[in-house]
Each structure stands twice: as structure tokens, then as C-alpha cells.
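The values are calculated or read from the model by the stated rules, or taken from the named source; none is laboratory data. Note that this is a predicted model, so its numbers are computed, not measured. With ideal geometry, Cβ positions are generated from the backbone for all residues, glycine too; neighbour counts draw on all protein chains shown. In case anyone asks, the SASA skips ligands and DNA or RNA and just uses the protein heavy atoms, side chains included. Shrake-Rupley method; radii C 1.70, N 1.55, O 1.52, S 1.80 Å.
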Amino acid sequence: MTEILIERCPRVETERLVLRKWEERDLEGLIRMNGDPRVMEFFPSLQSSEEAKRYLEISIRQQEKHGFCFPVVEDKETGTFLGFCGLNVPGYSGPCVEIGWRLIPEAWGKGIAVEAAKFWLGFGFETLQLDEIVAIVVVQNHKSRRVMEKLGMMHDPAEDFDFPNVPVDDPLCRHALYRLSANRFREQANG
Ligand SMILES: CC(C)(COP(=O)(O)OP(=O)(O)OC[C@H]1O[C@@H](n2cnc3c(N)ncnc32)[C@H](O)[C@@H]1OP(=O)(O)O)[C@@H](O)C(=O)NCCC(=O)NCCS
């Protein structure tokens with residue numbers, strides 16, 4: 001049922017963006033984004049072209065399985081690859097759906113992550129009828145935390161956690177968990 005619903009919305013337009021599934025043609029943009037130290041500041045390493053290729057293959061496989069995997073964000077006017085933003089079924093925990101984002105630096109600071117994420121939250125709660133959507137973030141990643149806050153996601157410091165298999169003295173170890181319930185999403189939507 002979920003898959004059928006998702007197949008009905010393979011490509012969506014928002015005010016400034018096209019939100020869509022991954023395609024082979026996204027490889028060039030993905031290589032550039034995942035090889036940029038500004039973008040990867042809060043990730044363990046930059047990705048090589050080979051690693052980005054593998055990442056794209058996995059994303060395409062995951063979206064075949066779940067209908068989505070951090071979908072692509074494209075500039076509506078120019079067709080430029082801006083990065084990804086949206087829902088994903090994570091491999092790190094039990095059954096849940098997360099939301100996440102990664103954009104090329106030229107697209108930062110324009111509210112693009114929020115514009116894309118708002119659509120995907122609505123899709124998650126209204127179309128997929130999810131009860132909750134979560135997000136995780138390295139605690140020092142204030143840009144991303146700000147996006148979570150602007151979306152009305154809730155953070156309880158008591159739920160902060162050490163990411164598995166990362167040494168505890170590594171600055172990328174400590175993560176914050178944000179949650180948004182369907183009820184809170186609806187309350188916000190109704191003002
Ligand atoms: C996180 C990311 C997607 C944000 O996208 P974006 O479209 O630029 O988001 P916004 O335009 O809404 O701006 C982010 C907000 O963070 C704020 N911000 C920027 N730098 C900040 C900092 N160092 N500390 C605190 N807030 C900061 C901005 O002022 C803005 O808030 P405002 O609208 O209230 O002014 C983008 O920075 C990115 O791709 N980063 C690299 C990848 C990454 O870290 N992904 C997240 C992993 S969890």
C-alpha cells in the first residue's frame with residue numbers, strides 16, 4: 001500500500017524545488033557534494049567518486065524497497081542538483097522513519113532544506129499516516145539542528161546518545177535525537 005502511494009508521487013514541485021527519486025544522472029552532483037569538506041564537516045570522511053557511486057546504487061536500491069531514500073532536491077528553474085532532503089528508513093534502529101538533508105553549499109542559507117522537508121513531513125504524516133518522524137544529528141551541527149527546530153521537531157537532551165562504533169572521544173560520536181509526532185505536526189499545521 002505504501003509503495004503504491006509513493007509510486008503516485010514520484011516527482012513533486014514546491015515553490016522553488018523539484019523533489020524526486022534518485023536517478024543515475026545524479027552521480028556527478030553527488031560526487032561533487034560528498035567530496036566537499038564544507039558539506040562533510042560532520043561526517044567521518046569525504047567520499048571518493050567510487051564511494052559516491054556505491055552510495056547512489058544503495059539509495060536507488062533502498063528507494064525501490066521503501067519508495068524513498070532521502071530523495072533528491074533539484075532547482076526547479078535550472079534543473080541543478082542541489083542535494084537531498086526527505087524521508088528514509090534507517091538501518092540503525094527498529095522500525096521508524098527519519099528525515100534528513102544534505103545540500104551543496106551554494107544552496108545553503110535560503111531555507112531550501114526547510115521548504116523540502118515541510119513537503120516530506122506532510123507526505124509522511126498525511127499520505128503514509130506515520131505516527132512519528134525522527135531525525136538524528138551530531139550535537140555540534142547547529143545548522144542542521146536549526147532546521148529541525150524550524151520544523152517544530154522536539155529535542156530531549158536525556159535522549160542524546162553515542163553513535164554505535166564511533167569512539168566516545170571522537171567529536172562526531174555524540175548525537176541528538178529530534179522527534180515530531182503526527183499530533184504535533186497537525187497542531188502546527190492548524191496554527
Ligand atoms: C544542514 C543544511 C541542510 C541546512 O540547509 P539550509 O537550506 O541552508 O537551511 P536554512 O536555510 O534553513 O538555514 C539553516 C539555519 O541555520 C542557521 N545557522 C547557520 N549556521 C549556523 C551556526 N553555525 N549556528 C547556528 N545556526 C546556524 C541559519 O541562520 C538558519 O537559521 P535561520 O533561518 O533561523 O536564520 C545544510 O547546511 C547542509 O547541507 N549542511 C551539510 C550537510 C549536513 O550537515 N547535513 C545534516 C546532517 S544531520
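In the stretch 91-102, of all residues being without any contact (Cβ under 8 Å) to a residue 60 or more places away in the chain and away from the ligand (no atom under 12 Å from the Cβ), the one that is least open to solvent (accessible area, probe 1.4 Å) corresponds to Val97.
Among the residues making up the stretch 73-89, those that are open to solvent by less than 60 Å² (accessible area, probe 1.4 Å) and away from the ligand (no atom under 12 Å from the Cβ) are Glu74, Asp75, Gly79, Phe81, Leu87, Val89.
Scanning the stretch 43-69 for residues that are surrounded by 15 or more Cβ atoms within 10 Å (Cβ to Cβ) and within 17 Å of the chain's Cα centre (by Cα) gives Ala52, Tyr55, Leu56, Ser59, Ile60, Gln62, Gln63, His66, Gly67, Phe68, Cys69. In the stretch 9-42, the qualifying residues are those that are more than 11 Å from the ligand (Cβ to nearest atom), in a loop (DSSP other than H, G, I, E, B) and hydrophobic (A, V, I, L, M, F, W, C), and the one that is modelled with the lowest pLDDT is Cys9. The number of residues in the stretch 111-135 that are within 11 Å of the ligand (Cβ to nearest atom), outside any helix (DSSP H, G or I) and surrounded by fewer than 19 Cβ atoms within 10 Å (Cβ to Cβ) comes to 1. Per the listing Leu172, Leu177, the residue uniquely open to solvent by less than 90 Å² (accessible area, probe 1.4 Å), modelled with pLDDT of 95 or more and in a strand (DSSP E or B) is Leu177. Residues in the stretch 136-175 that are within 9 Å of the ligand (Cβ to nearest atom) and basic (Lys, Arg): Lys143, Arg145, Arg146, Lys150. Taken over the stretch 143-179, the criterion of being touching a residue at least 60 places away in the same chain (Cβ under 8 Å) and under 18 Å from Val114 (Cα atoms) is satisfied by Ser144 alone.
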